[in-house]
1. If you go through segment 102-141, how many residues are in a loop (DSSP other than H, G, I, E, B) and free of Cβ contacts under 8 Å to residues at least 12 places away in the same chain?
2. Residues of segment 21-40 being among the charged types (D, E, K, R) and either crowded, with 24+ Cβ neighbours inside 10 Å or under 13 Å from Glu152 (Cα atoms) (or both), which ones?
3. Considering only residues that are in contact (Cβ under 8 Å) with a residue 24 or more places away in the chain and either more than 20 Å from Gln78 (Cβ to Cβ) or surrounded by 20 or more Cβ atoms within 10 Å (Cβ to Cβ) (or both), which ones fall in segment 46-63?
4. Condition first: within 18 Å of Gly20 (Cβ to Cβ), among the aromatic types (Phe, Trp, Tyr) and modelled with pLDDT of 95 or more. Can you find one or more residues in segment 127-150 that meet it?
5. Ser103 - would you say it is among the small types (Gly, Ala, Ser), touching a helix residue (DSSP H, G or I) at 6+ places or on another chain (Cβ under 6 Å) and either surrounded by 11 or more Cβ atoms within 10 Å (Cβ to Cβ) or over 24 Å from Lys28 (Cβ atoms) (or both)?
6. Identify all residues within segment 2-54 that are on the phi > 0 side of the Ramachandran plot, out of contact with any strand residue (DSSP E or B) (no Cβ under 6 Å at 6 or more places or on another chain) and not hydroxyl-bearing (Ser, Thr, Tyr); write none if there are none.
7. Among Lys9, Lys42, which is the only one that is charged (D, E, K, R) and either within 14 Å of Ile118 (Cβ to Cβ) or at pLDDT below 95 (or both)?
8. Tell me the strands (runs of 3 or more DSSP E) entirely within segment 1-93 that contain at least 3 residues that are among the aliphatic types (A, V, I, L, M) and more than 15 Å from the chain's Cα centre (by Cα).
Amino acid sequence: MSAEDVAEKFPEKVTIGASGFTPAGYPKVIPGAFAQRIKNSKNPENFSINLYTGASTGDELDGVLARSGRLKLKIPYQSHKDLRKLINQGKVNFIDMHLSHVSKYIREGIFPPIDVAIVEACDVTSDGRIYLTNSSGMSGTYLPLAKDIYIELNEAHP
């Protein structure tokens with residue numbers, strides 16, 4: 001399935017849980033396809049994104065979703081210049097909390113539930129095991145709680 005096909009499956013109001021911890025092991029293609037879907041939409045104002053990660057990520061995730069203009073909430077860390085600017089302008093809600101609390105807050109319903117988990121993996125076995133790349137981040141929380149799971153397969157990792 002292409003990244004564009006995956007992005008079409010996302011609800012317009014979506015909470016995304018993504019793998020990664022700093023610019024390592026985060027999804028790099030699907031977020032851009034979703035941002036492009038928003039850009040091409042006749043009604044981009046209908047979209048609303050909550051983004052949960054393991055930490056700050058790179059431009060292909062934090063950056064593209066920030067620039068989509070539809071990112072509404074980011075948890076728990078950020079370091080991207082475009083995202084930081086929107087947070088400081090009050091356009092994106094940001095909760096700067098210790099990573100160890102995020103799982104509990106999601107599981108207890110304090111934060112909105114996860115609609116979609118997107119993780120970068122180097123392999124998926126026939127029995128459903130997912131082998132993540134450089135960083136698991138919060139994947140152990142996001143995967144079992146997500147309504148839908150999408151995996152970016154990055155075979156460049158051994």
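The values are calculated or read from the model by the stated rules, or taken from the named source; none is laboratory data. All of these numbers come straight from a predicted model, not from anything done at the bench. Cβ: placed from backbone, ideal geometry, glycine included. Neighbour counts: every protein chain shown.
1. 8
2. Lys28
3. Residues satisfying the conditions are Asn46, Phe47, Ile49, Asn50, Leu51, Tyr52, Thr53, Gly54, Ser56, Thr57, Leu61.
4. Yes, segment 127-150 has at least one match.
5. So Ser103 fits the description; yes.
6. Scanning segment 2-54 gives a single hit, Gly20.
7. Answer to the check: Lys9.
8. Values: elements: 13-18, 48-52, 71-75.
No strands (runs of 3 or more DSSP E) qualify here.
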